[in-house]
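Below is one structure, written out as structure tokens; the observations come after it.
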Amino acid sequence: MSDHDETPTTNLPTDGGPKIVGQKDGGQKDGGQKDGGQKNRGREETPQTRLRRELPEEVPSGLTAAAEETEQEEQQPGLTGRQRLVMGLWPPRVTRAQLIVALLLFGLGFGLAVQVASNSDNDSALRGARQTDLVRILDELDDRTQRLEEEKQGLEDQRTELENSSDQAEEARKQTVEKERKLGILAGTVAAEGPGITLTINDTKGTVEADMLLDAIQELRAAGAEAIQVNGVRVVASTYLTQSGKGITVDGNKITQPYRFKVIGKPQDLEPALNIPGGVVQTLEKEQATVTVERADKIIVDALRAPERPDYARSSSQ
């Protein structure tokens with residue numbers, strides 16, 4: 001066989017059937033090489049494949065952050081475990097949601113603290129009181145309840161008398177006169193006498209102020225005082241006390257120490273009301289004032305007030 005004879009060769013099929021490849025011109029392969037011996041890959045390369053091959057491989061963000069931290073640690077050799085922990089915690093990385101939650105928790109905690117503090121202030125006087133003082137406070141509350149019950153019973157008795165009396169007009173007149181007398185005592189237009197106490201306050205240091213005397217009046221009223229007189233001035237519902245320089249005025253009348261209160265009421269209720277823990281007597285003694293309370297079977301309150309006609313209020317009875 002000569003050199004010019006062609007020997008057919010059968011290759012494996014690549015795209016649908018066998019192909020005959022022959023050798024020409026000194027054994028050069030046709031179809032397997034072209035223009036410089038580049039090999040045909042058998043499948044054409046698409047643009048997506050070429051783009052994926054040219055782009056760098058994606059790296060997860062978590063791995064990138066870990067790699068950066070590792071690189072920073074390598075750039076700072078000689079750090080201890082505690083130093084690395086501090087560097088990891090500071091500066092803190094706070095998100096907006098975490099900041100909002102922190103502010104809400106702070107507001108809630110502040111509100112609870114204020115509530116607890118206010119309750120502690122209100123209960124501090126009773127918590128520090130002795131057992132005998134607590135018993136006396138309970139007795140005073142029981143006495144106030146009893147007075148209210150007696151007043152209620154008296155009103156019911158008056159109603160019953162009016163309903164059962166044969167001469168209702170005369171009975172009504174008697175009750176009206178009695179009621180007028182009681183209202184006159186409360187209004188300070190008539191004198192009054194009866195059991196009660198005398199409260200004397202010596203203020204040599206000049207530390208007692210008008211609001212302290214007002215507290216004493218309010219405490220006496222709450223304990224059932226029916227008539228009060230302070231240094232010759234009758235105390236009524238419209239009475240006011242003011243601080244005038246170093247002195248005190250009651251309804252515009254200046255009074256000086258010692259301040260003397262004449263009070264008509266049940267002595268067993270009036271005196272304990274002044275001596276309760278944290279009450280009037282203890283408050284005045286903290287201001288270095290001397291306070292004395294004396295019971296008496298007969299107290300005369302003879303300071304009078306002129307009747308005042310109201311400017312706007314009128315009787316609604318027809």
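The values are calculated or read from the model by the stated rules, or taken from the named source; none is laboratory data. Since the structure is predicted, the reported quantities are computational estimates derived from the model, not experimental observations. Side chains included, ligands, DNA and RNA excluded: accessible areas come from the protein's heavy atoms. Shrake-Rupley method; radii C 1.70, N 1.55, O 1.52, S 1.80 Å.
What to note about this one:
- With θ taken as phi - 60° and the Karplus curve 6.51 cos²θ - 1.76 cosθ + 1.60 applied, the whole-hertz 3J(HN,Hα) list for segment 242-250 is 9, 8, 10, x, 9, x, 10, 10, 10 Hz, x standing for glycine and proline.
- Cα-Cα over 30 Å, subset of Lys266/Lys286; Lys182/Lys246; Lys205/Lys262; Lys174/Lys298; Lys246/Lys266; Lys254/Lys286: Lys182/Lys246; Lys246/Lys266
- Per residue solvent-accessible surface (Å²) - segment 137-186, probe of 1.4 Å: 83 Å²
- For Thr189, the residues whose modelled amide H falls within less than 5 Å of its own, excluding neighbours fewer than 5 places apart on the same chain, are Arg305.
- Prolate/oblate/rounded label for segment 243-314 (Cα gyration tensor, a/c 1.5): oblate
- In terms of its C-alpha gyration tensor, segment 158-281 comes out prolate, because a/c is 1.5 or above and the ratio a/b outweighs b/c.
- Accessible surface of segment 167-318, 1.4 Å probe, proportion on carbon and sulfur as whole %: 48 percent
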